[in-house]
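Enquirer: Just dropping this structure here.
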Amino acid sequence: PRGPLDPTAELGAAALQPPVVDAESYFRATGRRDRVYCMVPTRYDLTRERMYRAIIRSWGSRCDVLKFFVDPPQDESRRSEIPESIVEDNFEAEIVVVPMVRNGGICDDGLPCRHIWEKVWRSWVFVYENDLESAEWFLKIDDDTYFIPSNLRKWVRDHSWDPDEPHYFGHTVFIERAPYKLISGVCTAFSRESIRRLGPKYLSMKHEYGPRSNFPNSHGTCVDRDGATEERVTSKCLEEVGVLAEETLEDNQKEAVVPLGIPFTLTYFRKRNSTSWYWASKPWSRGDRIDCCSQKYGWGIHGYKGHGTRLLEMEELMSVAPESRLIAEMRSAREGSDRWALRNYILGLREGIRTDPFAYPALEDWHKPERGGIRWKPV
């Protein structure tokens, strides 16, 4: 059972449909196609396979498409060591080796260069050229972010967004120059139309190799250059094709994407003199602490580092059966404590999914046995 439906809710004939279990039954029930494509830029080595498997075992298998996008090996003779896909719990995710020009080296800060911007834009070119018709909504998700696809679908459905219109959305960050807003890269969402516009833009943009001082006129433009910041250049490229950042806020100003992580954000007090990028230029109507984060639409929570262990802990909090020991412990948290704030947030997320008649898979299908030994308060 999915839980009682409010007979006054505007579900129409959908309430009489068979249970929603996949993209096709979702379409029959809603009249919409809201397939979700999950692109995870990361690195590949044998030790990181634990992270890949944790992503699949937690949120990844709930995407309609999941692909990992990795740097090519610096030694080309080792490319064959990267598998074409990874299989976990009967779910297969493709591994795409991104054809990067920049690869390795030491950057100005003395650390190995990661070239994130080049990897991300070339990954989107791959999606544009190969996968554009495989989904309606396209997500770039950091490998330490916990993602809830059904809540993303709920957001676009409740707001009647059309995937063939331009949308670029997630957690909004305000910046000092045009386009003045960008979306945090921890969990960034695009409509199919936005990717349709971005593909040609990325294929035709200028490429600049070498120190930035060699290119004094390219500041603030859509360009492939050394050391560029992914979020800023993405927002600029989108602005140049007529797409601007959109906020995803519940009516009570709670955020659907949490870039600073849970439980930290649940205790993060906004000070009048704060210089944090998180608060910069945000209206004072935005909630802080326990009023920070949407439970109805929450779909991206960042900060689960640790080779997948933290992701699996969050998955256990979200997926154990209601009668489990862990849920009983959550319900016993002392009112006003940090654990109480986390409990309310997690249980609210769970209830939102449980009562969504169009969520697939249904929350009861997430249920897994308790593993035991979980740290109750993930960071």
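Enquirer: In the range 318-340, what count of residues is obtained for those that are outside any helix (DSSP H, G or I) and either under 22 Å from GLY303 (Cβ atoms) or in contact with a Leu (Cβ under 6 Å, 6 or more places away or on another chain) (or both)?
Expert: The total comes to 3.
Enquirer: Which residue pairs have Cβ atoms closer than 9 Å, lie 6 or more positions apart in sequence or on different chains, and pair a first residue in the range 265-277 that is among the β-branched types (Val, Ile, Thr) with a second residue that is exposed (fewer than 14 other Cβ atoms within 10 Å of the Cβ) and at pLDDT 90 or above?
Expert: Taking only residues 6 or more apart or on different chains, the pairs are THR265/ARG289; THR267/ARG289.
Enquirer: For the range 225-273, which positions are over 16 Å from the mean Cα position of the chain (by Cα) and in a strand (DSSP E or B)? Step through it out loud before you land on a result.
Expert: Just the residues of the range 225-273 that are over 16 Å from the mean Cα position of the chain (by Cα), to begin with: 225-229, 232-233, 235-244, 250-254, 263-273.
Hit for the range 225-273 is ARG225, nothing else.
Enquirer: Pull out all pairs, ordered by first then second residue, where Cβ-Cβ is under 7 Å, the residues are six or more apart or on different chains, the first lies in the range 318-332 and is open to solvent by 80 Å² or more (accessible area, probe 1.4 Å), and the second is part of a loop (DSSP other than H, G, I, E, B).
Expert: If the second residue must be part of a loop (DSSP other than H, G, I, E, B), the pairs left are ARG325/GLU370.
Enquirer: Take the conditions in a strand (DSSP E or B), more than 18 Å from the chain's Cα centre (by Cα) and not aliphatic (A, V, I, L, M) and apply them to HIS207. Does it pass? Can you show your working first?
Expert: Details: in a strand (DSSP E or B): yes; more than 18 Å from the chain's Cα centre (by Cα): yes; not aliphatic (A, V, I, L, M): yes.
Yes; evaluated as a whole, the condition is true for this residue.
Enquirer: Residues in the range 300-317 that are open to solvent by less than 30 Å² (accessible area, probe 1.4 Å), part of a helix (DSSP H, G or I) and in contact with a Phe, Trp or Tyr (Cβ under 6 Å, 6 or more places away or on another chain): how many?
Expert: Result for the range 300-317: 2.
Enquirer: Return the pairs, sorted by first residue and then second, in which the second residue is among the polar types (S, T, N, Q), the first residue lies in the range 231-242 and is buried (at least 18 other Cβ atoms within 10 Å of the Cβ), the beta carbons are less than 8 Å apart, and the residues are 6+ apart or on different chains.
Expert: GLU231/SER184; GLU231/THR188; THR234/THR188; LYS236/THR221; LEU238/SER194
Enquirer: Which ranges mark the strands (runs of 3 or more DSSP E) fully within the range 29-117 that have 1 or more residues being out of contact with any Ser or Thr (no Cβ under 8 Å at 6 or more places or on another chain) and open to solvent by less than 30 Å² (accessible area, probe 1.4 Å)?
Expert: 36-42, 65-70, 85-88
Enquirer: Can you work out which of the residues in the range 178-204 that are over 20 Å from the mean Cα position of the chain (by Cα) and among the hydroxyl-bearing types (Ser, Thr, Tyr) is most open to solvent (accessible area, probe 1.4 Å)?
Expert: TYR180
Enquirer: Let me ask you something else. Kindly indicate whether ARG153 is at pLDDT 95 or above, open to solvent by 10 Å² or more (accessible area, probe 1.4 Å), under 25 Å from TYR26 (Cβ atoms) and not in a loop (DSSP other than H, G, I, E, B).
Expert: Values: at pLDDT 95 or above: yes; open to solvent by 10 Å² or more (accessible area, probe 1.4 Å): no; under 25 Å from TYR26 (Cβ atoms): yes; not in a loop (DSSP other than H, G, I, E, B): yes.
When the stated conditions are applied, ARG153 does not pass them.
Enquirer: Before we move on, is ARG343 in contact (Cβ under 8 Å) with a residue 24 or more places away in the chain and either in a helix (DSSP H, G or I) or in contact with a Cys (Cβ under 7 Å, 6 or more places away or on another chain) (or both)?
Expert: no
Enquirer: Do you know which of the residues in the range 243-260 that are open to solvent by 40 Å² or more (accessible area, probe 1.4 Å) and among the hydrophobic types (A, V, I, L, M, F, W, C) is nearest to LEU182 (Cα to Cα)?
Expert: LEU244
Enquirer: Also: Go through ARG225, ARG270 for me and flag whichever is surrounded by fewer than 18 Cβ atoms within 10 Å (Cβ to Cβ), touching an Asp or Glu at 6+ places or on another chain (Cβ under 6 Å) and at pLDDT 90 or above.
Expert: Working: ARG225 fails: surrounded by fewer than 18 Cβ atoms within 10 Å (Cβ to Cβ).
After applying the criteria, what remains is ARG270.
Enquirer: Looking at ASP142, ASP131, can you tell me which residue is at pLDDT 95 or above, surrounded by fewer than 22 Cβ atoms within 10 Å (Cβ to Cβ) and touching a Phe, Trp or Tyr at 6+ places or on another chain (Cβ under 8 Å)?
Expert: Working: ASP142 fails: touching a Phe, Trp or Tyr at 6+ places or on another chain (Cβ under 8 Å).
Answer to the selection: ASP131.
The values are calculated or read from the model by the stated rules, or taken from the named source; none is laboratory data. The structure presented is a predicted model; accordingly, all values stated were derived computationally and were not measured. As a convention, Cβ positions derive from the backbone with ideal geometry for all residues, glycine included, and neighbour counts pool all protein chains shown. Quick note on the areas: whole protein, heavy atoms, side chains included, nothing else; ligands and nucleic acids left out. Shrake-Rupley method; radii C 1.70, N 1.55, O 1.52, S 1.80 Å.
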